[in-house]
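Novice: Sharing a structure, written as structure tokens. Questions coming.
The values are calculated or read from the model by the stated rules, or taken from the named source; none is laboratory data. These numbers were taken from a predicted model, which means no experiment stands behind them. Cβ atoms come from the backbone with ideal geometry, glycine included; neighbour counts cover every protein chain shown. The area values use the complete protein model at the heavy-atom level, side chains included, leaving out ligands, DNA and RNA. Shrake-Rupley method; radii C 1.70, N 1.55, O 1.52, S 1.80 Å.
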Amino acid sequence: MPQKLPNLLFDFGGVIINIDYSLTLAAMRRHGGTIEFTQAAQAELFDQMETGRLSAEAFRAGLRQHYQLMATDEELDAAWNAMLLDVPAERLALLADLRAQGYQTALLSNTNQIHIEEINRRLQVQYGLEHGIADCLDRVFYSQQVGLRKPGEEIFRHALREMNWKAEETLFIEDSPQHIETARRLGLHTLFLTPPLTLQDALPAALRAFPNR
């Protein structure tokens, strides 16, 4: 009897899209402020934006108020989006190949309206993806739309419930250790994608090593 394929739950930034947080920090400094935002931790303003409790307009106002930033809306958006780099074509090809092989795939991302719109705009322009990254997976779960964010447990539970997946049958691919820790605590298998590893380098071996494969 053939073995069941594992479910694949992907992070977005640092896994599918390349990210450099330092570029946003530098861009914000050019507008007069030092923001509290890194891969490991961030200020409440960013948590509120990523869980849908702030509109883009309120987020920009918060940046100006809390960090004394002197910039237009367009300049703030450009600085905020500076961290977003490229989505390599080979990663999109890998996602397409996995789905063709019968893997169920989903995205679980801490993100926000400004980033979602910019990334999906780029994907439409570069690759013709009408709905952005959603065209490449079975489902997408954005923290802003769910109202929850990693590393909290409930956003993982939400994704598993929505997909009708069991934790022990799911591989979570992520580049932030605090999110990996939560996933492991909930019983998911994990692939910690630390530089210089890339998705194309590490995922095939992780799938071969998956239990019962």
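Novice: Is it possible to state the helix-based mean residue ellipticity at 222 nm for the chain, with each DSSP H run of 4+ residues giving -39500 (n - 2.57), the sum divided by total residues, to the nearest 500 deg cm²/dmol? What is it?
Specialist: One gets -13500 deg cm²/dmol as the mean residue ellipticity at 222 nm.
Novice: For the chain, what Kirkwood radius comes out of the mean inverse Cα-Cα distance, in Å? Walk me through the numbers before you get to the answer.
Specialist: Working: mean 1/r = 0.0558 Å⁻¹.
Answer for the chain: a Kirkwood hydrodynamic radius of 17.9 Å.
Novice: As an exercise, use a Förster radius of 25 Å and the Cβ-Cβ distance of GLN101 and ALA78 to find the FRET efficiency, rounded to the nearest 0.05.
Specialist: Here the calculated transfer efficiency is 0.05.
Novice: Give the residues of region 12-32 whose amide nitrogen is closer than 14 Å to a point set 7 Å from the Cα of ASP47 in the direction of its Cβ.
Specialist: The answer is none, because no backbone nitrogen lies closer than 14 Å to the label point.
Novice: In a shell of Cβ-Cβ distance under 15 Å around THR72, excluding THR72 itself, what net charge do Lys and Arg (+1) and Asp and Glu (-1) give?
Specialist: -2
Novice: Give me the Å³ per residue figure for the convex hull around the C-alpha atoms of region 93-202.
Specialist: 113 Å³
Novice: Using each residue's phi in region 145-158, evaluate 6.51 cos²θ - 1.76 cosθ + 1.60 at θ = phi - 60° and report the 3J(HN,Hα) Karplus result to the nearest Hz, with x for Gly and Pro.
Specialist: The phi angles translate into 7, 7, x, 9, 9, 5, x, x, 6, 5, 5, 5, 4, 4 Hz.
Novice: Leaving out ligands and nucleic acids, note down the accessible area per residue over region 35-142 with a 1.4 angstrom probe, in whole Å².
Specialist: Working: 4970 Å² over 108 residues.
I get 46 Å² per residue for this part.
Novice: Next up: What is the angle, in °, between the Cα long axis of helix 56-67 and the longest principal axis of the Cα atoms in the chain? Nearest 10 is fine, range 0 to 90.
Specialist: So the helix axis and the longest Cα principal axis differ by about 60 degrees.
Novice: In addition: Can you give the local net charge around ASN120? Use residues other than it whose beta-carbon is closer than 13 angstrom to its beta-carbon, Lys and Arg +1, Asp and Glu -1.
Specialist: Spelling it out: positives minus negatives among the neighbours equals -2.
Novice: Follow-up. Using a probe of 1.4 angstrom, how much of the accessible area of region 1-75 is carbon and sulfur, in percent?
Specialist: 53 percent
Novice: If we count every other residue with Cβ under 13 angstrom of GLU153's Cβ, Lys/Arg +1 and Asp/Glu -1, where does the sum land?
Specialist: My count for the surroundings of GLU153 gives +4.
Novice: What nm value, rounded to one decimal, do you get for the distance between THR34 and LYS166 when each label is placed 7 Å out toward the C-beta?
Specialist: It works out to 5.0 nm between the two label points.
Novice: When every alpha-carbon pair in region 23-84 is counted, what percent end up more than 14 Å apart?
Specialist: 52 percent
Novice: Ignoring ligands, DNA and RNA, what percent of the accessible area of region 170-213 is carbon or sulfur (1.4 Å)?
Specialist: The nonpolar share, carbon plus sulfur, comes to 55 percent.
Novice: While we're on this one: Please state the shape class of region 84-137: rounded when a/c is under 1.5, otherwise prolate if a/b exceeds b/c and oblate if not, all from the C-alpha gyration tensor. Don't skip to the end; give the middle numbers.
Specialist: Values: a/c = 2.07, a/b = 1.49, b/c = 1.39.
In terms of gyration-tensor shape, prolate.
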